[in-house]
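What follows is a short report on a single structure.
The values are calculated or read from the model by the stated rules, or taken from the named source; none is laboratory data. This is a predicted model, so every value here is computed, not measured. Here the Cβ positions follow ideal geometry from the backbone for every residue, glycine too, while neighbour counts run over all protein chains shown.
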Ligand SMILES: Cc1cc2nc3c(=O)[nH]c(=O)nc-3n(C[C@H](O)[C@H](O)[C@H](O)COP(=O)(O)OP(=O)(O)OC[C@H]3O[C@@H](n4cnc5c(N)ncnc54)[C@H](O)[C@@H]3O)c2cc1C
């Protein structure tokens, strides 16, 4: 098999990257050692957010990516429960309210549509608890069903003739001046002009033998799924403290951080998250962490205490050392393009990442965020 580009990994980053390359007229093939999106992408809540980003490159990327999500749903049809339902960030106490007001002001100055609401917030979210002091509202933030997004893209690409190879591991990459040979565990070898490594927290398994490691580590997170009930959650509701946990790049091994983030799904269940910890590659569910998550969420929306937890799961966010995604070529010839390090924003940032990946493959080493996201920034 030969192709212009082989995308390794069928999670949300690999899926959107393959779509962007296909849209550019390149011959693409996708491979994953599991089925479709068996990694972190199936553990996400699917929030597409600007509200939790400070002003800077992550906010800029998120805003661009939200526009691209809307374009995707309009152009290909909305079969992934894409819903621009907005998000509501909750402050408890005067100190938090002042910090939230400041956050809203900086976002508005950056051109983001949002408002600070210090009274009558029950018109937005009727079940917010008595500790609420003020809320911030971001009407353009959105949500998707994370797996349906991967399925929709796979269906589109398969209809367009893109081959998918599942349940066989890629064991080696052999880049040279003209392209890359990809070796499968069964002995088959594929050849392409470029390889996109959308392999999330497992990226270094293929990069280490080439001495091309990147600083990406698994940061575990848990989600509880609550049964359907009479508690209305209109938008994505988050504790203002959640922002600090998403942007924390200290790499602290000793703590499990939790902060409330709550949203309803199309089926009526409610997702309650979330936690952050460094626990290696362990994806086991820890009941103490679930208890802490539920206590946090009930602190924001007390009526959630009426609902039972149906199930819970954990996944591994691809954490990068400086909190920014790692997108671009890693080998001397520029044939192996990595796309990972999105931590808790891989769904949000997938379309904009795919644009950058496609630019790297089609145009060589340069892309609009070159210095900021380029893997070479970590080399001394
Ligand atoms: C609890 C939790 C909540 C989250 N909530 C959100 C959210 O609300 N919004 C948001 O934007 N993000 C969220 N995220 C983050 C998001 O899920 C990730 O950033 C995103 O899924 C990363 O996607 P990916 O495609 O890079 O990785 P993955 O989905 O992990 O895909 C990597 C793929 O590579 C394959 N692979 C690896 N090695 C090989 C190999 N050698 N050969 C073949 N295949 C290989 C794997 O099988 C896997 O399918 C959340 C994450 C967690 C854990």
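Taking the range 93-135 as the range and being closer than 26 Å to residue 61 by Cα, part of a loop (DSSP other than H, G, I, E, B) and free of Cβ contacts under 8 Å to residues at least 60 places away in the same chain as the test, the residues that pass are 110, 111, 113. For the range 296-333, the candidate set comprises residues that are over 22 Å from the mean Cα position of the chain (by Cα) and outside the structural domain of residue 232 (by TED's automatic domain parsing); within that set, the residue that is nearest to the ligand (Cβ to nearest atom) is 331. The criterion of at least 2 residues that are more than 12 Å from the ligand (Cβ to nearest atom) is met, among strands (runs of 3 or more DSSP E) falling completely within the range 137-246, by 170-175, 180-184, 189-197, 216-226, 236-239. Only one of the numbered conditions (1) in the same structural domain as residue 327 (by TED's automatic domain parsing); (2) crowded, with 18+ Cβ neighbours inside 10 Å; (3) in a helix (DSSP H, G or I) is not met by residue 72, and that is (1). The residues of the range 8-34 that are part of a strand (DSSP E or B) and in contact with a helix residue (DSSP H, G or I) (Cβ under 8 Å, 6 or more places away or on another chain), listed by number, are 8, 28, 30, 32.
Being more than 13 Å from residue 223 (Cβ to Cβ), at pLDDT 95 or above and out of contact with any strand residue (DSSP E or B) (no Cβ under 6 Å at 6 or more places or on another chain) is a condition met by no residue of the range 250-257. Taken together, 52, 141 contain a single residue that is in contact with a helix residue (DSSP H, G or I) (Cβ under 6 Å, 6 or more places away or on another chain) and over 24 Å from residue 305 (Cβ atoms), which is 52.
Counting only strands (runs of 3 or more DSSP E) that fall entirely inside the range 294-380 and contain at least 1 residues that are more than 25 Å from residue 68 (Cα to Cα) and either touching a helix residue (DSSP H, G or I) at 6+ places or on another chain (Cβ under 8 Å) or in contact (Cβ under 8 Å) with a residue 12 or more places away in the chain (or both), the qualifying elements are 309-320. The lone criterion from (1) more than 6 Å from the ligand (Cβ to nearest atom); (2) more than 16 Å from residue 162 (Cα to Cα); (3) surrounded by fewer than 18 Cβ atoms within 10 Å (Cβ to Cβ) left unmet by residue 1 is number (2).
From the list 48, 26, 61, the one residue that fits, being within 15 Å of the ligand (Cβ to nearest atom) and either surrounded by fewer than 24 Cβ atoms within 10 Å (Cβ to Cβ) or over 30 Å from residue 284 (Cα atoms) (or both), is 61.
Among the conditions (1) surrounded by fewer than 19 Cβ atoms within 10 Å (Cβ to Cβ); (2) at positive phi, residue 200 misses just one, which is (1).
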